[in-house]
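Values in this text are rule-based calculations from the coordinates and carry no lab data. Computed from a predicted model, the values in this text were never measured in an experiment. All Cβ positions, glycine included, derive from the backbone under ideal geometry; neighbour counts span all protein chains shown.
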Amino acid sequence: MTARTHDILAFGSLMTVATFFPPETLKITTVLVSIIGNIVGSLLPDIDQASNRLWDLLPGGNIIGRLLKNLFIAHRTLSHSILGVALVYGLLVWLMPRVLNSAYIDTGIVIVAIMIGYLSHLLADGLTEEGLPLLFPLKIKFGFPPIKKWRMHTGGWWENLVVFPGVIGYIVWFGYNQHDKLIMLIKLIK
């Protein structure tokens with residue numbers, strides 16, 4: 001999947017989860033950091049590529065990306081596995097309280113938002129021809145549907161003409177059908 005598809009899918013996933021599992025209270029700073037974190041989370045599994053959009057956001061990021069790329073064996077290895085999910089989650093649980101001021105930002109909500117983005121990325125990549133090495137370091141790749149030829153090609157016509165517009169359509173449909181819950185969620189923001 002392309003970065004824009006990952007971004008929009010992550011946002012739709014975050015909106016869905018937040019609607020059905022709303023927090024008790026919500027600060028505007030938490031909302032803003034969570035949305036940014038969700039988008040970062042949606043791009044994080046591709047950290048093993050020097051061309052990742054995350055590297056473009058950092059000064060000298062492309063150089064850092066090329067250096068760190070050598071730590072990974074190849075694209076879609078550790079960062080696209082169950083082990084990678086556990087490591088990223090553990091790192092976030094350790095890092096976020098040290099980086100974010102808990103007086104202004106609920107770090108638990110931010111961690112969940114990042115992980116929703118991360119997991120939506122993996123779900124989307126599971127629909128592509130390449131599949132996912134969920135049991136890395138084993139070389140077994142999983143995908144849906146199980147027959148590789150039936151899966152989509154990243155950046156191909158199916159993604160651009162069906163998946164991407166379909167996710168936007170879902171967000172609009174969901175927003176329309178769940179507007180009362182979304183309004184209640186917005187009222188939580190202080």
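If we count other beta carbons within 10 Å of each Cβ, what is the order of Thr30, Thr5, fewest first?
If I rank by nearby Cβ atoms, fewest first, I get Thr5, Thr30.
Which of rounded, prolate or oblate describes region 3-188 when judged by the alpha-carbon gyration tensor and an a/c cut-off of 1.5?
Judged from the Cα gyration tensor, region 3-188 comes out oblate (a/c at least 1.5, b/c at or above a/b).
Which FRET efficiency value, to the nearest 0.05, do you get for His153 and Arg4 by plugging their Cβ-Cβ distance into 1/(1 + (r/R0)^6) with R0 = 22 Å?
E(calc), rounded to 0.05, equals 0.90.
Mean-square fluctuation check for the chain, GNM, Cα pairs under 10 Å: which of Ser42, Ser102, Ser34 is largest?
Ser102
Give the aspartates and glutamates whose C-alpha is closer than 13 Å to that of Lys190, dropping any in the same chain fewer than 8 places away, or say none.
Cross-link targets: Glu24, Asp106.
Please list, or write none, the lysines whose alpha carbon is within less than 22 Å of the alpha carbon of Lys149, excluding same-chain residues fewer than 8 places away.
Candidates past the 8-residue exclusion: Lys139, Lys141.
Sort Phe144, Phe11, Phe164 so the one with the fewest other Cβ atoms within 10 Å of its own Cβ comes first.
Phe144, Phe164, Phe11
So for each of 175-187, 83-95 I average, over its residues, the number of other beta carbons within 10 Å; can you give me the resulting order with the highest mean first?
83-95, 175-187
Using Cβ counts within 10 Å as a stand-in for footprinting exposure, how do Glu130, Glu159 rank, fewest first?
The fewest-first ordering by Cβ neighbours comes to Glu130, Glu159.
Would you please give the FRET efficiency between Tyr170 and Asn101, computed as 1/(1 + (r/R0)^6) with r the Cβ-Cβ distance and R0 = 35 Å, to the nearest 0.05?
Between Tyr170 and Asn101 the formula returns 0.55.
Explain nothing, just the number: dipole magnitude of the chain about its Cα centre with +1 on each Lys and Arg Cβ and -1 on each Asp and Glu Cβ, in debye rounded to the nearest 20.
Charge dipole of the chain: 180 debye, to the nearest 20.
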